[in-house]
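Comments concern the structure below.
The values are calculated or read from the model by the stated rules, or taken from the named source; none is laboratory data. Everything quoted here is computed from the prediction, not taken from an experiment. Note that we place each Cβ from the backbone using ideal geometry, even for glycine, and neighbour counts take in every protein chain shown.
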Amino acid sequence: MRFNTLEGWLGWQESLHPIEIDLGLERVSAVLAQLNPGHPDFTLITIAGTNGKGSSVAMLEAILLAAGYQVGSYTSPHLLRYNERIKLDGRPVDDAMLCASFERIDQARANVRLTFFEFGTLAAIDILHRAGVDVAILEVGLGGRLDAVNVLDADVALVTAIDVDHVDWLGCDRETIAREKAGILRTGRPAVCADPQPPASLLAVAESLEVSLLLLGKDFFIERFVESSVESSDERKADRWSWNSSQCCFEDLPLPALSGDFQLRNAAGVLAVLSTLRADFPVDAASIAQGLQSVSLPGRFQIMPGVPLQIYDVAHNAQSAQALANNLAQQDSDGRHFSGQTHAVLGMLADKDIDTVIAQLWPVVDHWYLAPLPAPRSAPVAQLRAALLAADIATNNTTNNASIESFDDVTAAYQAALAASTVQDRIVVTGSFYTVAAVLGEAV
């Protein structure tokens, strides 16, 4: 074996290919042909989109596991441990399993120089295939058409919310980006789009491939309602919702355990996917309810125990930042959850839409703690500060009197926010997976 430790393998993989992101299927296809000839036995769900991919994977996984199926999943990036990327029945695989798969891939690749992501994707396919899972859920890393995950033909494809991100690789508008994400669709196979305003380019690709594309608000519908009851003189309200299509319906469902109104759209897309698989993988309402209530996903409006209130969210584009701002604003209006000031620890990658992200968050933040990220593409603190000053000018200095401080790293920024916060305040850690990972590493 080339390396005996996971750290050794990962460090070597990072240097194997000269380019960090090199989209294309030729390399991974060639190695997969040597590694596992033929199509894996599992039913494959492939998920692409700008936001909501990780949440959709987590909900699908939780519901299918509750229904008694063997499930494997692949997501990226990870927060604390690489092992989080590949799961069998909801549990991250161990180092030994990863190292053994990496060795098989290394032997199969001959002289092919795989990227770090391609190596991991091949390991996921290899491990899930050997584990004999019933259903594999694979999250696209970047785009869709040329992403390594797309080397396999999805039995059903899910496209989540589409926004502008990764413009250097995917394009600078929703229509162009959606066309790339539509690359995971396959002729004659079902697909689902959970974006309430699907771009025309996505619809055009689906039509050209004769794909049965189920659309939110057209082919499947959601309705949310509130139940009120009186117990011990206290009025209690429980949100419930229903999902229905012309083929089936599920009523009186609990809301997903993941925070945010947008998670209901993600859940709706998940149920639409399951509706296309109901002949082979029937799932009852009890399993759906159990999965929705048990699902968890670190780093997505993750509220930590204790005081002051701490919220970790990996939001790093305009759409996810707006969702985070909306969630924070809802807490503002509910004094039972929050009644103080907001301290934001922020670090971002330089290729993100920093100005728009900060503009979305500016109205709900009182104090900013800026830091560079432990990543080659980190945005310098000066760039973050300039975006904050621009947001201040854009609001005519009337939104708040926010303070701005700079630090050498995320940990120092977080510690300063913690020291400055009272028990009534809240700390929001956001901007990137790297930002949240740095603080989560301190908390665990």
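Could you check, for the range 338-361, whether at least one of its residues is closer than 17 Å to residue 417 by Cα, modelled with pLDDT of 90 or more, in a helix (DSSP H, G or I) and in the same structural domain as residue 438 (by TED's automatic domain parsing)? For the range 338-361, residues closer than 17 Å to residue 417 by Cα, modelled with pLDDT of 90 or more, in a helix (DSSP H, G or I) and in the same structural domain as residue 438 (by TED's automatic domain parsing): present. The residue that is farthest from residue 326 (Cα to Cα), among those in the range 362-378 that are part of a loop (DSSP other than H, G, I, E, B) and over 21 Å from the mean Cα position of the chain (by Cα), is 376. How many residues are among the charged types (D, E, K, R) and in contact with a His (Cβ under 9 Å, 6 or more places away or on another chain) when one looks only at the range 363-379? Selection size over the range 363-379: 1. Among the conditions (1) surrounded by 22 or more Cβ atoms within 10 Å (Cβ to Cβ); (2) modelled with pLDDT of 95 or more, residue 300 misses just one, which is (2).
Annotation note: Cβ proximity below 7 Å between a residue of the range 2-18 that is of a type in the set (A, V, I, L, M) and a residue that is part of a helix (DSSP H, G or I) (sequence gap 6+ or interchain) occurs for 6/82; 6/95; 6/98; 6/99; 10/82. Scan the range 19-70 for residues that are of a type in the set (A, V, I, L, M, F, W, C) and farther than 20 Å from residue 268 by Cβ and report the count. Residues that pass the stated criteria total 12. Within this structure, residue 323 fails the test of being in the same structural domain as residue 90 (by TED's automatic domain parsing) and out of contact with any Lys or Arg (no Cβ under 6 Å at 6 or more places or on another chain). The residue that is surrounded by the fewest Cβ atoms within 10 Å (Cβ to Cβ), counting only those in the range 55-88 that are touching a Lys or Arg at 6+ places or on another chain (Cβ under 7 Å) and within 16 Å of residue 142 (Cβ to Cβ), is 78. Tell me yes or no: at least one residue of the range 139-147 is farther than 21 Å from residue 265 by Cβ and among the aliphatic types (A, V, I, L, M). Yes, the range 139-147 has at least one match. Flag: residue 173 does not match the condition of being surrounded by fewer than 23 Cβ atoms within 10 Å (Cβ to Cβ), in contact (Cβ under 8 Å) with a residue 60 or more places away in the chain and not polar (S, T, N, Q).
Quick grid of which residues meet (1) crowded, with 17+ Cβ neighbours inside 10 Å; (2) over 26 Å from residue 64 (Cβ atoms); (3) touching a Cys at 6+ places or on another chain (Cβ under 6 Å); (4) touching a residue at least 12 places away in the same chain (Cβ under 8 Å):
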| position | (1), (2), (3), (4) |
| --- | --- |
| 90 | no, no, no, yes |
| 94 | no, no, no, no |
| 102 | yes, yes, no, yes |
| 111 | no, yes, no, no |
| 117 | yes, no, no, yes |
| 127 | yes, no, no, yes |
| 133 | yes, no, no, yes |
| 138 | yes, no, no, yes |
| 151 | yes, no, no, yes |
